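**Q** Starting off with a structure, shown below.
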């Protein structure tokens, strides 16, 4: 068996100043591709809601769906550290609820860590999870599960808001988080948080000074029709896939597919 990356590796990379990447994945096929390409951390994000399951946002995603998706990603990967998102409603109520959710992810999906949104308000949940051996990644800034409270997907942490996010980050670190995602925050704030924390920060729309970067894979590969400002598409798979389907349709209609070599005698 190949050795997977661990949270100890991420901590060592922080000390060494080594940058790294995290990418979302929701199935075994993409997990195998990304793992084979060398992505050290795969995130089974509740972003599956609006990027894979057809929802408007992440809120409708269920725990059962997330466990199933996470299991597929673990099965499809060999070296990556797999982190699964706690979906909305699966951890907010109490430490015991969060612990039950974490146990399900580790036992049923066999993930290596979990991620939840929020700062000071989820500190007790983080402590409970870490106490029982469940590694936790935090998530601050524009937390998608709070999109209704924010009034949309907006940059967080401007003006006095920045001090509150920094305080949340320090509270999560003290509670035992091994890393924190910073989403849609000013680059200067992300740099300050990265400098003041001993654990890695992972940016998404947070500038270049974070220890790591994460993107939704469909954004990275050009499948999103109108990607956010912070996205750089490295391929145009939407056009490639559309062209391939059109060619196949034409060959089926003309009788060119399947050919004799693609048939059985």
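**Q** Could you please find all residues in region 1-22 being in a loop (DSSP other than H, G, I, E, B) and either farther than 16 Å from residue 180 by Cβ or not assigned by TED's automatic domain parsing to the domain that holds residue 41 (or both)? Break it down into steps so the answer makes sense when it comes.
**A** Within region 1-22, the subset in a loop (DSSP other than H, G, I, E, B) is 1-6, 17-19.
Selection gives 1, 2, 3, 4, 5, 6, 17, 18.
**Q** Follow-up. Take region 101-129 and flag every residue that is outside any helix (DSSP H, G or I) and under 19 Å from residue 179 (Cβ atoms).
**A** Going residue by residue through region 101-129, those that are outside any helix (DSSP H, G or I) are 110-119.
Listed by number, the residues that qualify are 111, 112, 113, 114, 115, 116, 117, 118, 119.
**Q** Now for a separate question. Filter region 153-179 down to residues that are surrounded by 14 or more Cβ atoms within 10 Å (Cβ to Cβ) and not in a loop (DSSP other than H, G, I, E, B), then give me how many there are.
**A** Of the residues in that region, 13 qualify.
**Q** In this structure, does residue 29 turn out to be touching a strand residue (DSSP E or B) at 6+ places or on another chain (Cβ under 6 Å), assigned by TED's automatic domain parsing to the domain that holds residue 210 and at pLDDT 95 or above?
**A** Working: touching a strand residue (DSSP E or B) at 6+ places or on another chain (Cβ under 6 Å): no; assigned by TED's automatic domain parsing to the domain that holds residue 210: yes; at pLDDT 95 or above: yes.
It is false that residue 29 is touching a strand residue (DSSP E or B) at 6+ places or on another chain (Cβ under 6 Å), assigned by TED's automatic domain parsing to the domain that holds residue 210 and at pLDDT 95 or above.
**Q** Name the residue that is farthest from the chain's Cα centre (by Cα), counting only residues in region 136-180 that are at positive phi and modelled with pLDDT under 90.
**A** 159
**Q** Give the residue that is farthest from residue 179 (Cα to Cα), with candidates limited to residues of region 23-47 that are in a helix (DSSP H, G or I), touching a helix residue (DSSP H, G or I) at 6+ places or on another chain (Cβ under 9 Å) and free of Cβ contacts under 8 Å to residues at least 60 places away in the same chain.
**A** Step one: list which residues in region 23-47 are in a helix (DSSP H, G or I), which gives 28-36.
Restricting the remaining residues to those that are touching a helix residue (DSSP H, G or I) at 6+ places or on another chain (Cβ under 9 Å) gives 28-35.
Then keep just the ones that are free of Cβ contacts under 8 Å to residues at least 60 places away in the same chain; that gives 28-29, 31-33, 35.
Details: 28: 25, 29: 26, 31: 21, 32: 24, 33: 24, 35: 20 Å.
Ranking the candidates gives 29 first.
**Q** Residue under question is residue 183, and the condition is that it be over 20 Å from the mean Cα position of the chain (by Cα) and surrounded by 15 or more Cβ atoms within 10 Å (Cβ to Cβ); does it hold?
**A** Values: over 20 Å from the mean Cα position of the chain (by Cα): no; surrounded by 15 or more Cβ atoms within 10 Å (Cβ to Cβ): yes.
It is false that residue 183 is over 20 Å from the mean Cα position of the chain (by Cα) and surrounded by 15 or more Cβ atoms within 10 Å (Cβ to Cβ).
**Q** State whether one or more residues within region 83-100 are assigned to a helix (DSSP H, G or I), buried (at least 21 other Cβ atoms within 10 Å of the Cβ) and assigned by TED's automatic domain parsing to the domain that holds residue 27. Steps first, please.
**A** First pass over region 83-100, keeping only residues assigned to a helix (DSSP H, G or I): 95-100.
Checking the rest, the ones that are also buried (at least 21 other Cβ atoms within 10 Å of the Cβ) come to 98.
Next, only the ones that are assigned by TED's automatic domain parsing to the domain that holds residue 27 stay: 98.
Within region 83-100, one or more residues are assigned to a helix (DSSP H, G or I), buried (at least 21 other Cβ atoms within 10 Å of the Cβ) and assigned by TED's automatic domain parsing to the domain that holds residue 27.
**Q** Looking at residue 250, is it surrounded by fewer than 19 Cβ atoms within 10 Å (Cβ to Cβ) and under 30 Å from residue 14 (Cα atoms)? It would help to see each step written out before you state the result.
**A** Details: surrounded by fewer than 19 Cβ atoms within 10 Å (Cβ to Cβ): yes; under 30 Å from residue 14 (Cα atoms): no.
Here the answer is no, as residue 250 does not meet what is asked.
Table: residues versus (1) more than 24 Å from residue 3 (Cβ to Cβ); (2) under 12 Å from the mean Cα position of the chain (by Cα).
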{"residue": "36", "(1), (2)": "no, no"}
{"residue": "42", "(1), (2)": "no, yes"}
{"residue": "59", "(1), (2)": "yes, no"}
{"residue": "68", "(1), (2)": "yes, no"}
{"residue": "72", "(1), (2)": "no, no"}
{"residue": "89", "(1), (2)": "yes, no"}
{"residue": "95", "(1), (2)": "yes, no"}
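To keep it simple, each residue is scored yes or no on (1) in a loop (DSSP other than H, G, I, E, B); (2) surrounded by 11 or more Cβ atoms within 10 Å (Cβ to Cβ); (3) not assigned by TED's automatic domain parsing to the domain that holds residue 40.
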| site | (1), (2), (3) |
| --- | --- |
| 190 | no, yes, no |
| 198 | yes, no, no |
| 202 | no, yes, no |
| 207 | yes, yes, no |
| 210 | yes, yes, no |
| 227 | yes, yes, no |
| 241 | no, yes, yes |
| 246 | no, no, yes |
| 256 | yes, yes, yes |
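The values are calculated or read from the model by the stated rules, or taken from the named source; none is laboratory data. Being a predicted model, the structure only gives us computed values, none of them experimental. FYI the Cβ positions are ideal-geometry reconstructions off the backbone, even for glycines, and counts take in every protein chain you see.
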